[in-house]
Amino acid sequence: MQNELFGVPNLDIYLVMGILVFFGMLEVISGYLHRSQRKSDDWIQEFGGFLVLSLAIKPLIVGCAYFFGTRFFGETQGILNTTSFWLALPIYLLVDDFLQYWYHRSAHEYPFLWKLHRAHHQAEEMGFFVSYRNAGLYYLMMPNIWWVGIFTFLGGGLAVAAGLVLKQLVIIGSHSTVTWDSIFYKNKILSPLMSLIERIIITPAFHHAHHGKSKLDGVSDPNGNFGNMFSIWDQLFGTAMFTRQFPKEYGLMNDPEEHWTASYFYPVITADDKENEMSRGYKKASTAFAEPTIVHLEKDKNYLYCQCGFSKNQPFCDGSHHGTKIKPLLFTAKRTGKVKLCNCKLTKGAPFCDNSHEEF
Ligand code: FES
């Protein structure tokens with residue numbers, strides 16, 4: 001299963017390591033690592049996650065793909081050997097990225113998958129290693145790692161090797177604190193070019209918005225921008241938000257911070273705190289109730305209204321919607337004064353009460 005990219009054995013592995021070292025050096029030179037407030041738990045999850053993924057999970061999945069492939073689909077082994085590299089590469093990358101878009105999006109919309117992906121969004125700082133921070137089971141079930149094994153088995157190993165290098169370049173770059181796209185935004189000549197680039201590949205600004213704490217800042221969209229390498233899927237499926245600014249705050253709005261073992265080994269190890277969604281048997285309780293709340297709003301100020309009915313800070317969002325398909329509603333107050341906001345979540349004029357609670 002050794003790939004000879006451009007005639008050099010395992011060149012893809014060296015290039016991916018080189019990309020990591022390159023971004024690592026940039027973060028050191030820029031002073032980021034010195035200023036970082038990361039705790040030891042963060043480093044364990046990110047660096048440990050990287051090692052386990054590279055040395056155990058990926059080889060295991062590729063080995064399984066070969067085992068089942070030779071056992072049940074032996075005649076298909078190597079059928080892509082004669083396919084042009086330039087045809088195999090876009091096929092590999094597009095299928096890979098399409099699978100990863102839907103897997104990643106599902107991890108934000110379904111509770112079990114969200115718990116496997118939650119650690120990724122607990123990071124309160126961006127950084128090149130954040131991309132490796134997920135539960136082990138999240139990677140074991142990741143369809144595009146299986147796609148790596150299948151495509152290699154079919155004979156597309158070279159396309160996989162080259163594709164992984166390109167992908168890592170975009171993904172590690174989009175997580176790094178050294179944001180290469182900032183230079184484009186500041187330059188009048190380069191700025192229009194960026195409008196084209198950001199509509200094809202994921203830029204740091206596009207992905208940092210996904211890691212922002214809340215939509216309230218007008219820059220973040222934690223419930224959108226799910227793409228990994230290409231932004232085309234977000235544009236196609238209505239989840240893209242383009243921005244040229246970066247969030248001031250990263251992480252989760254509501255994070256009880258369980259021990260890293262629960263984050264990485266969920267559901268085998270769970271959190272002790274029964275209020276933590278990573279605890280065994282945890283179920284989100286509805287906090288919706290019939291009566292509206294009278295709140296004082298200030299003109300032109302942004303508010304995030306809870307539409308899922310799970311927030312502990314009704315009628316406002318506290319981030320409890322993660323792991324559901326329901327998103328909060330961002331609205332700007334048109335005047336200063338008191339208004340009645342809906343708590344039953346049945347109103348047709350969200351966020352305002354329209355007396356639908358009488359049917360609650
Ligand atoms: S907590 Fe965010 S929408 Fe309900």
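Annotations for the structure displayed:
- For segment 61-89, a residue qualifies if it is assigned to a helix (DSSP H, G or I), in contact (Cβ under 8 Å) with a residue 60 or more places away in the chain and of a type in the set (A, V, I, L, M), and the qualifying residues are Ile61, Val62, Ala65, Ala88, Leu89.
- So Asp217, is it within 16 Å of the ligand (Cβ to nearest atom) and within 19 Å of the chain's Cα centre (by Cα): yes
- Residue match in segment 133-151 (condition: in the same structural domain as Val21 (by TED's automatic domain parsing), buried (at least 23 other Cβ atoms within 10 Å of the Cβ) and in contact with a strand residue (DSSP E or B) (Cβ under 6 Å, 6 or more places away or on another chain)): no
- Yes/no for Ala271 being touching a His at 6+ places or on another chain (Cβ under 9 Å) and either of a type in the set (Val, Ile, Thr) or not assigned by TED's automatic domain parsing to the domain that holds Tyr101 (or both): yes
- Some residue of segment 282-300 being at pLDDT 95 or above and within 22 Å of the chain's Cα centre (by Cα): no
- Leu51 being free of Cβ contacts under 8 Å to residues at least 60 places away in the same chain, farther than 19 Å from Glu257 by Cβ and under 20 Å from the mean Cα position of the chain (by Cα): yes
- Residues that are polar (S, T, N, Q) and out of contact with any Asp or Glu (no Cβ under 6 Å at 6 or more places or on another chain) were ranked within segment 333-355; the one that is surrounded by the fewest Cβ atoms within 10 Å (Cβ to Cβ) is Asn355.
- Residue in segment 349-356 that is closer than 28 Å to Arg133 by Cβ and of a type in the set (S, T, N, Q) present: no
- Gln314 passes every criterion in (1) modelled with pLDDT of 95 or more; (2) in contact with a Pro (Cβ under 9 Å, 6 or more places away or on another chain); (3) farther than 23 Å from Tyr103 by Cα apart from (2).
- Residues of segment 10-31 that turn out to be over 30 Å from Gly157 (Cβ atoms) and buried (at least 18 other Cβ atoms within 10 Å of the Cβ), as a count: 1
- Only one of the listed residues (Ala88, Ala161) is over 15 Å from Ala65 (Cβ atoms) and buried (at least 23 other Cβ atoms within 10 Å of the Cβ). That residue is Ala161.
- Candidates Pro292, Pro328: the one that is in contact with a Leu (Cβ under 7 Å, 6 or more places away or on another chain), surrounded by 14 or more Cβ atoms within 10 Å (Cβ to Cβ) and under 22 Å from His117 (Cα atoms) is Pro328.
- Tabulated pairs, segment 309-328, first farther than 21 Å from His210 by Cβ and free of Cβ contacts under 8 Å to residues at least 60 places away in the same chain, second near the ligand (Cβ under 8 Å from one of its atoms) and outside any loop (DSSP other than H, G, I, E, B), C-beta under 7 angstrom, 6+ apart or interchain: Pro315/Tyr305; Phe316/Leu304; Phe316/Tyr305
The values are calculated or read from the model by the stated rules, or taken from the named source; none is laboratory data. The shown structure was predicted, so the numbers you read here are calculated from the model rather than taken from an experiment. Here Cβ is always computed from backbone atoms with ideal geometry, including for glycine, and neighbour counts include all displayed protein chains.
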